[in-house]
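Working notes for the structure below.
The values are calculated or read from the model by the stated rules, or taken from the named source; none is laboratory data. Keep in mind it's a predicted model, so treat the numbers as computed, not measured. Here the Cβ is made from the backbone with ideal geometry for all residues, glycine too, and neighbour counts use every protein chain on show.
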Amino acid sequence: MIALSMEERKALPKLGNKTIPFVEKVIEYADTEPQFIPPYLDLAELKRDYAAVNTLNLFHRPLNEIISNISDTLMEEGSDSYRNSLKYYESVKTVAKNDVPNAKTIYEDLKKRFENQGKRVEPTTKKDE
């Protein structure tokens, strides 16, 4: 396994759906018409590389789906956690205004999260004319 930088990834030619048949045909032609193989091309290496692509794709596609689902679940659970935390925060904020014991201390601590964000401006909607 290797790790590529973004620059390296951008610089590499890509093997996509249109290119796969091309590579497969080159391998077939090179097997049947080896006289056209240039001396600087290692056909065995080409075959190994392409076999590795096929093997890795067996894992890559299902793993990408799993990773995508994990990312979606993380986003949803994180959003739920934050929404529910905001409910607690709003409750503490409300009771802190009424000098309920401990509420002001909790509120002062939690409100730090929202400092320097400015006031929220509610979007205005134009009424249908």
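Pairs, please: C-beta under 8 Å, at least 6 apart or cross-chain, first residue on the phi > 0 side of the Ramachandran plot and in the stretch 56-76, second in a helix (DSSP H, G or I) and loosely packed, with under 10 Cβ neighbours inside 10 Å?
Listed pairs, sorted by first residue: none to list.
Filtering the stretch 84-124 down to residues that are more than 29 Å from the chain's Cα centre (by Cα) and among the hydroxyl-bearing types (Ser, Thr, Tyr), which residue is surrounded by the fewest Cβ atoms within 10 Å (Cβ to Cβ)?
Across the stretch 84-124, the extreme among qualifying residues is Thr124.
Have a look at Ile67, Ile106 and point out the one that is of a type in the set (Val, Ile, Thr), part of a helix (DSSP H, G or I), under 26 Å from Met1 (Cα atoms) and modelled with pLDDT of 95 or more.
Answer to the selection: Ile67.
Do we have any residue at all in the stretch 70-83 that's in a helix (DSSP H, G or I), surrounded by 10 or more Cβ atoms within 10 Å (Cβ to Cβ), at pLDDT below 95 and of a type outside the set (Ser, Thr, Tyr)?
So far as the stretch 70-83 goes, no, none of its residues is in a helix (DSSP H, G or I), surrounded by 10 or more Cβ atoms within 10 Å (Cβ to Cβ), at pLDDT below 95 and of a type outside the set (Ser, Thr, Tyr).
Of everything in the stretch 1-51 that's under 25 Å from the mean Cα position of the chain (by Cα) and among the small types (Gly, Ala, Ser), which residue is farthest from Arg61 (Cα to Cα)?
If we take residues in the stretch 1-51 being under 25 Å from the mean Cα position of the chain (by Cα) and among the small types (Gly, Ala, Ser), then Ala11 is farthest from Arg61 (Cα to Cα).
Out of all the residues in the stretch 24-44, is one or more of a type in the set (S, T, N, Q) and surrounded by 10 or more Cβ atoms within 10 Å (Cβ to Cβ)?
Among the residues of the stretch 24-44, not one is of a type in the set (S, T, N, Q) and surrounded by 10 or more Cβ atoms within 10 Å (Cβ to Cβ), which makes the answer no.
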